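The values are calculated or read from the model by the stated rules, or taken from the named source; none is laboratory data. Keep in mind that what you see is a predicted model, and the values were worked out from it rather than measured. Here Cβ is always computed from backbone atoms with ideal geometry, including for glycine, and neighbour counts include all displayed protein chains.
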Amino acid sequence: MKLIVHLFLTCVLLIIAIPVMAQTTVLDFETPETSTTFQYFGSSIDGSLSTLIDNPDPTGANTSNQVLRFVKPAGAQVWAGAFSNPDPDQLIDFSVNGRICIKAWMPRPGNISLKFENSVNGGANWIQTVTTDVSNSWVELCYDPSLPSIEGPFTAAAGFVYTRVVIFAYFGEAGGAADEEVYLDDFILEPNVSETVILDFEAAATTTNFQYFGSAIDGQLASIISNPDASGINPSATVLEFKKPGDAQVWAGAFSNPPPTIPVNATNGGQVCIKVWSATPGNLALKLENSPTGANWIQTQTFTATNEWTEVCYDLTLPSIEGPFEPAAGIYATVVLFFDFGTAGGGVEKTYYLDDVVLRAAGSSAANIQFSVNAGAGAGDVFLMGTFNDWTPAQMTDAGNGIYTMDMELENGVYEYKYLIGDQAEEFSGLDECTVTTSDGEFTNRRLIVSGDEELDVVCFNSCYNCGEAVQITVNLGFSSVEPAESGVYLAGGLAFGAPGGRFLMTDPDGDGVYSISFERGIGFTSYYAFANGNCPDYSCKENISGQDCANPDNFNDRLMSPVQGDLVINTCFAVCSDNVECTTSTSEQAQLLEGFDLHPTIVNDKVNLVRGSLFAGEVVLRVSDLQGRIVQQQIMTAFEQRKELDFSMLKSGMYLLSMKADGGFKSLKFVKM
């Protein structure tokens, strides 16, 4: 990857760009066109008008000059409020806008209700209430017209246009012993926004690797790990761990490799938003590359929140901070990320977390989706239900040969769903590629990301694949000298399985010491993989099989699961390239060459003798590993050396594994250091 860093970046990195989609101001009380008065009702000040005043607290979320002073008098009715008189010049148009937001200052926690009346295109009056626990400071409250009104006829306001605004403060509460003043400002219509998930690291379709550059870890891949702080705005299960080493260049970062399945479509502008977690304030630069029609584009956003998830957004309509200094245009294949862009590593490695790379574009974007399931001939009634229809079963059409279909128009976004045969819903293990499990672990559903018209592949009921196009993979793992960790034993590694501590937890239900996991994948599935003895997102408890026959030195010494053509059972051993769970090594004829080697004694205080067998006379590599699979000692037994004295006096007490590797063979022996 070629990166061009211009000298002026040291200046522009100090600028905070605030991306804002096109909004419509209904009222901000700063000009005659954006001001009005409100007439009170339901209290002792019936018929009087509200007043505009200088902002009594021009701080935080609202530093504007003028605001609306709204009074709830002592003894007011629970429904006391005020209606716009005259009505605003700007119509409240929910046919093209997705919500309306206001700023409010309240002397104590409570609620503000907004009601919209006098629709010009047939909409019923609509009211919603938003509560806040913030007091004595400005807060933004937003109202979603797609929700049903809290008063009859209980319909939504979406699609309708209104002329009148009615305000209620502390709606549902009678006025107290004294008047209460509330201040309101900035009634803003925000456009409909379609959200497309590019990456969320929860499913194969929304996951990719990021390859580092510009530091000592050039070429390595960032890890996908369990969310270390599943709270606040990001309770999701898995995230990207991003490291910036101490020797990093000012332009060090990582690029998507391979590109995301869903590219970043900047054709209609909008924003790319990313959730980040950092222990220190900083910045994140986003670069988009490889568009057939647009130049490479980069922008930087700063963040001040620490030790919590926050979201940063990038306005695609702003010019790039690198030449040719144009807005983003076209469809971009590659995403590049730079934490603390413009700052060198400084000798200390920093770790950041990143999640939910989404594209938000203005305007409603509906797509036609065709669902298809192979429920089998004679299945009877087959239904589709999901978040798009409030989990209400909708009957599908029998297309013949056991295939059932349904067409549905959906907005761009993320949905969960299932098929049913009669009243029997699908069941999944949680390890399936097409599913996601709710945060409480109670439900596992299919997952759908809508970004355009699509005919979904036909899938078999209870499967992510069509009938006959899947294989069942079972992995059984034995242990030798290693004690299984209380925090769990995990299948990990590669793009398919992720960091230890994820969802691929192996279990030993019968207590025989063999840990197992079983999952379904499509025919031809392949992935690197490894085992981890513990929940260690940094891979510190990963097995060490370096130098053994099944380790691939070009991919972190992981194992390789070759393209799977039929149901597969893998029997192996932690830290040993075994083909059985008893933790003896390969049963091939060549491996028998090491069978004569023996260790005396196997309970050791300091020194022990390794005696060569008569079948093999070549050089042997000796490695001693501890319970976590870490190599603690290594040496060579030269060719024809019949007896090798090994000094274990420096080892801590515990159980160890002595592995012997030579051309054509591998063997391991256990011993205990007292």
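In summary, strands (runs of 3 or more DSSP E) completely within the range 29-101 and bearing 1 or more residues that are within 26 Å of ALA156 (Cα to Cα), touching a residue at least 24 places away in the same chain (Cβ under 8 Å) and out of contact with any Leu (no Cβ under 8 Å at 6 or more places or on another chain) occur at 38-41, 81-84.
Which of the residues that make up the range 372-388 are over 21 Å from THR437 (Cβ atoms) and under 28 Å from the mean Cα position of the chain (by Cα)? Show your work before the answer.
First, pick out the residues of the range 372-388 that are over 21 Å from THR437 (Cβ atoms): 372, 374-383.
Of everything in the range 372-388, just one residue is over 21 Å from THR437 (Cβ atoms) and under 28 Å from the mean Cα position of the chain (by Cα), namely SER372.
Kindly evaluate GLY502 against the criterion of being free of Cβ contacts under 8 Å to residues at least 40 places away in the same chain, outside any strand (DSSP E or B) and not hydroxyl-bearing (Ser, Thr, Tyr). Spell out how you get there, then give the answer.
On the way: free of Cβ contacts under 8 Å to residues at least 40 places away in the same chain: no; outside any strand (DSSP E or B): yes; not hydroxyl-bearing (Ser, Thr, Tyr): yes.
Spelling it out, it is not the case that GLY502 is free of Cβ contacts under 8 Å to residues at least 40 places away in the same chain, outside any strand (DSSP E or B) and not hydroxyl-bearing (Ser, Thr, Tyr).
ILE298 meets the conditions (1) part of a strand (DSSP E or B); (2) of a type in the set (Val, Ile, Thr); (3) closer than 27 Å to ASP229 by Cβ in every case but one. The failed one is (3). The sole residue among THR261, THR306, THR343 that is assigned by TED's automatic domain parsing to the domain that holds THR208, modelled with pLDDT under 95, within 21 Å of the chain's Cα centre (by Cα) and farther than 18 Å from VAL197 by Cβ is THR306.
Pairs are defined by a Cβ separation below 6 Å, a sequence spacing of at least 6 or placement on different chains, a first member in the range 176-196 that is on the phi < 0 side of the Ramachandran plot, and a second member that is among the aliphatic types (A, V, I, L, M) and part of a loop (DSSP other than H, G, I, E, B); the pairs so defined are ALA177/ALA74; ALA178/ALA74; ASP179/ALA74; VAL182/MET106; PRO191/MET21; PRO191/ALA22.
For (1) over 20 Å from VAL450 (Cβ atoms); (2) small (Gly, Ala, Ser); (3) buried (at least 18 other Cβ atoms within 10 Å of the Cβ), each residue gets a yes or a no:
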site	(1), (2), (3)
TRP391	no, no, no
MET396	no, no, yes
LYS418	no, no, yes
GLN424	yes, no, no
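The set of residues in the range 176-198 that are in contact with a Gly (Cβ under 7 Å, 6 or more places away or on another chain) and within 30 Å of ILE45 (Cβ to Cβ) is empty.
Could you list all residues from the range 431-473 that are among the polar types (S, T, N, Q) and at positive phi? Across the range 431-473, the qualifying residue is only ASN462. Among the residues of the range 356-363, some residue qualifies, meaning at least one is surrounded by 18 or more Cβ atoms within 10 Å (Cβ to Cβ), modelled with pLDDT of 95 or more and β-branched (Val, Ile, Thr). Being outside the structural domain of GLN635 (by TED's automatic domain parsing), of a type in the set (S, T, N, Q) and surrounded by fewer than 19 Cβ atoms within 10 Å (Cβ to Cβ), is that true of even one residue in the range 478-485? Looking for residues that are outside the structural domain of GLN635 (by TED's automatic domain parsing), of a type in the set (S, T, N, Q) and surrounded by fewer than 19 Cβ atoms within 10 Å (Cβ to Cβ), one finds none in the range 478-485, hence no. Residues in the range 144-175 that are modelled with pLDDT of 90 or more and surrounded by 20 or more Cβ atoms within 10 Å (Cβ to Cβ) were compared, and the one that is farthest from PHE41 (Cα to Cα) is TYR162. If the condition is being in contact with a Lys or Arg (Cβ under 8 Å, 6 or more places away or on another chain) and modelled with pLDDT of 95 or more, then the range 52-66 contributes LEU52, ILE53. Being assigned by TED's automatic domain parsing to the domain that holds ASP432 and not hydrophobic (A, V, I, L, M, F, W, C) is a property that holds for GLY452. Taking first residues from the range 120-134 that are free of Cβ contacts under 8 Å to residues at least 24 places away in the same chain and part of a loop (DSSP other than H, G, I, E, B) and partners that are of a type outside the set (Lys, Arg) and surrounded by 17 or more Cβ atoms within 10 Å (Cβ to Cβ), no Cβ contact under 6 Å between residues at least 6 apart in sequence or on separate chains turns up. Filtering ALA328, ALA333, ALA377, ALA344 for residues that are touching a residue at least 12 places away in the same chain (Cβ under 8 Å) and surrounded by 17 or more Cβ atoms within 10 Å (Cβ to Cβ) leaves a single hit, ALA328.
Among the residues of the range 212-237, those that are on the phi > 0 side of the Ramachandran plot and over 14 Å from the mean Cα position of the chain (by Cα) comprise GLY214, GLY219. Return yes or no: is PRO245 free of Cβ contacts under 8 Å to residues at least 12 places away in the same chain and farther than 20 Å from VAL197 by Cβ? For PRO245, the condition - free of Cβ contacts under 8 Å to residues at least 12 places away in the same chain and farther than 20 Å from VAL197 by Cβ - is not met. Exactly one residue out of PHE461, PHE443, PHE428 is within 23 Å of LEU505 (Cβ to Cβ), more than 16 Å from the chain's Cα centre (by Cα), hydrophobic (A, V, I, L, M, F, W, C) and modelled with pLDDT of 90 or more: that is PHE428. For the range 314-325, the set of residues classified as within 19 Å of ALA361 (Cβ to Cβ) and surrounded by fewer than 20 Cβ atoms within 10 Å (Cβ to Cβ) consists of ASP315, THR317, LEU318, PRO319, SER320, listed by residue number.
For the range 266-279, a residue qualifies if it is more than 15 Å from GLU311 (Cα to Cα) and not aliphatic (A, V, I, L, M), and the qualifying residues are THR267, ASN268, GLY269, GLY270. Of all positions in the range 365-374, none carries a residue that is more than 30 Å from CYS460 (Cα to Cα) and out of contact with any Lys or Arg (no Cβ under 7 Å at 6 or more places or on another chain). Can you tell me how many residues in the range 517-535 are surrounded by 20 or more Cβ atoms within 10 Å (Cβ to Cβ), without any contact (Cβ under 8 Å) to a residue 60 or more places away in the chain and more than 18 Å from ASN209 (Cα to Cα)? Total meeting the criteria: 2.
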